Amino acid sequence: MRDRSDTLYSPQEALPPDERAAWQLGRLREVLRETRAPAALERAREAGLLDGPCTWERLRTVPVLRKEDLPALQAGRWPLGGWASWERVRRLFRSPGPIFEPEGPGPDYWGCAPVLHAAGFRAGDVVLNSFSYHLTPAAWMVEGGLAVLGAVVIPGGVGNTEIQARAAFELGATGYAGTPSFLAALLERADELRIPLRFEVALVSAEPLPPALRERFEARGIRTQQAYGTADVGMVAYECPHKQGMHLLDRCLVELLDPYTREPVRLGEVGEVVVTLLDPTYPLLRLATGDLSALWEDPCPCGRTAPRLQGVLGRVAEAVKVRGVFLYPAQLRAVASRHPEVRRYQFLVRRSADRDELIARLEAAGPQELAERFAQTVREVTGLRAQVELVPDGTLEDGAPVLVDERRWG
Ligand SMILES: [Zn+2]
C-alpha cells in the first residue's frame, strides 16, 4: 500500500489568511498585466484595477458576469466574448449552452494536482479517469493533475461499464476519478461479473455525493473525496480528508453574493458562488456561477487555512419569490439543519386574500415551542415570517420537494 497520509501539496495551502489575500490580489495584478483578453482589460480599466493596486473594493465595482449570459456574449465577440487571451489558448471545449471554454498552456492548467493530492492520489497510482474526454473539459482537468503527480491514467471516458471494469482490474487500477454515480454503476457491474476491483482512492465531482453513497464506497475501502469546479475556470475547491466542506484553491478569488442585491452574504449564509479566475488565458472577472453555497472560515484540523465551501446547496434558478423576497430551497435546508429534532419538513407557498403565505410543515418529536423556535430561524435566515405546523409522522413523503409553490396565477 502506498503512503496516503495527508500532507500539504504546497506550503501555500497553510498561508495565514491575510497573506493569502495579499498574494491573490498581487496575482490578479500580474494576470491583468499579462493578459491580452480585451473584455477583461476594459472591465479592469473601468474599475481602476490597471492603475493602482488591486483591491477588493475596486474589484467589487466590476459588474458581475452571469454564466447564463456567456452564450450570447461569446456569439457576439471573438474570442470567447473578449475574455480569452487567444495566443495562450491550447484547447477549446464546448459545454451545453453552448458555452465554450479555453484551456491555456502549462502543466495542470485547471489546478487539479492539489485536489488529487488531498484526496490521497500519489505518484505511481494507476487511475481510471471516467470523466468525459469529448468536448467538455472535466477529464482534461484530472489528466493535468495526475500528470503532475506522476500517476498513470486509463482514459476511460463515459460508458462501456464492463470494459472499464475489466480494464481497471487487469491494469491494477488503484484510483478512480469521475462522477459518483458512474463509480456506483462500475462497482455494481464488477460485482455481477465477479471482478475484484482494487480502488483505494476516488475523486468524485460534477454531481452531489449523498452521504449514504460515500459510506458504501468507503465500506469497500475506497477513500472518497469531492471537488467543486466549473468548466469555465476549472477547480475551485476540494475536500481534505476531514470532509467538512471544500477548501478554496488559491487560483480563484471567490465571493458569495446575494444573487439579487449582489451584496456579499455574511459568513455561513447561503449565497451565489462568484469566481474571478487568476489566470491570464481566461481571466474572467466575477463570474456568477448560478451555484449556491455557504462559506466557513473556522480552522480545519488538516492545517490547510483556506475557507471551506459547503458544496453546492442548490441553483439560483430554483428560487421562488415570496412577498417580494427570493427564497431558495438551500436556505430552507439550512434552516432545517439547525433543528435536528425535525425528521421531515416541507415548505409551502400559498396565496390567501391577495397575500403570500409561507407555511412550514414539520414532522418532529419536539414540543409545541419547537414551532416558535423554527419560525424564528426561518425569520433569521430568510427574512420571512412563516406559519409553522407540526404534523403527524407519515404526513410527508420521503424525497418530497423542500419548497412547493401552490400559488396559481390567473
Ligand atoms: Zn481541511
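The values are calculated or read from the model by the stated rules, or taken from the named source; none is laboratory data. Given the structure is predicted, the values throughout are model-derived calculations rather than measurements. Note that each Cβ is placed from the backbone with ideal geometry, even for glycine, and that neighbours are counted across all protein chains shown.
Being hydrophobic (A, V, I, L, M, F, W, C) and away from the ligand (no atom under 16 Å from the Cβ) is the requirement here; does Val274 meet it?
So Val274 passes the test.
Output the number of residues of region 156-180 satisfying the condition of being within 23 Å of Pro208 (Cα to Cα) and part of a helix (DSSP H, G or I).
Number of matching residues: 4.
Being in the same structural domain as Tyr133 (by TED's automatic domain parsing), assigned to a strand (DSSP E or B), more than 19 Å from Val62 (Cα to Cα) and within 16 Å of the ligand (Cβ to nearest atom), is that true of even one residue in region 250-261?
no
Of all residues being of a type in the set (Lys, Arg) and within 16 Å of the ligand (Cβ to nearest atom) in region 299-336, which is farthest from Pro114 (Cα to Cα)? Just the residue, please.
Filtering first and then ranking leaves Arg308.
Every residue in region 377-410 that is free of Cβ contacts under 8 Å to residues at least 40 places away in the same chain and outside any loop (DSSP other than H, G, I, E, B), please.
Arg379, Glu380, Gln387, Val388, Glu389, Leu390
Only residues that are in a loop (DSSP other than H, G, I, E, B) and touching a Lys or Arg at 6+ places or on another chain (Cβ under 9 Å): list them for region 302-337, please.
Residues satisfying the conditions are Thr305, Ala306, Leu313, Arg323, Tyr328.
Mind checking which residues of region 339-376 are buried (at least 16 other Cβ atoms within 10 Å of the Cβ), assigned to a helix (DSSP H, G or I) and modelled with pLDDT under 95?
Leu370, Ala371
Can you tell me which of (1) farther than 28 Å from Ala177 by Cβ; (2) crowded, with 19+ Cβ neighbours inside 10 Å; (3) in contact with a helix residue (DSSP H, G or I) (Cβ under 6 Å, 6 or more places away or on another chain) is the one Leu65 doesn't meet?
All conditions are met except number (3).
If only one of Glu68, Glu30 is part of a helix (DSSP H, G or I), closer than 30 Å to Gln225 by Cα and outside the structural domain of His247 (by TED's automatic domain parsing), which one is it?
The match here is Glu68.
Of the conditions (1) touching a residue at least 40 places away in the same chain (Cβ under 8 Å); (2) within 21 Å of the chain's Cα centre (by Cα), Glu215 fails just one. Which one is it?
(1)
Can you tell me which residue is farthest from the ligand (Cβ to nearest atom) among those in region 202-249 that are of a type in the set (S, T, N, Q) and part of a strand (DSSP E or B)?
Applying the filter and picking the extreme gives Thr230.
Identify, from the list Val254, Val320, the residue that is surrounded by fewer than 22 Cβ atoms within 10 Å (Cβ to Cβ), in contact with a strand residue (DSSP E or B) (Cβ under 9 Å, 6 or more places away or on another chain) and over 30 Å from Arg90 (Cβ atoms).
Just one listed residue meets the conditions, Val320.
State whether the residues of region 209-222 include one that is within 23 Å of Trp110 (Cα to Cα) and buried (at least 20 other Cβ atoms within 10 Å of the Cβ).
Yes, some residue in region 209-222 is within 23 Å of Trp110 (Cα to Cα) and buried (at least 20 other Cβ atoms within 10 Å of the Cβ).
If Ala206 passes every condition in (1) within 25 Å of Val127 (Cβ to Cβ); (2) buried (at least 18 other Cβ atoms within 10 Å of the Cβ); (3) small (Gly, Ala, Ser); (4) at pLDDT 95 or above but one, which one does it miss?
Of everything listed in (1) within 25 Å of Val127 (Cβ to Cβ); (2) buried (at least 18 other Cβ atoms within 10 Å of the Cβ); (3) small (Gly, Ala, Ser); (4) at pLDDT 95 or above, Ala206 misses just condition (4).
Condition first: within 11 Å of the ligand (Cβ to nearest atom) and acidic (Asp, Glu). Now tell me which residues in region 280-298 satisfy that.
Once the filter is applied, which keeps residues that are within 11 Å of the ligand (Cβ to nearest atom) and acidic (Asp, Glu), region 280-298 yields only Asp298.
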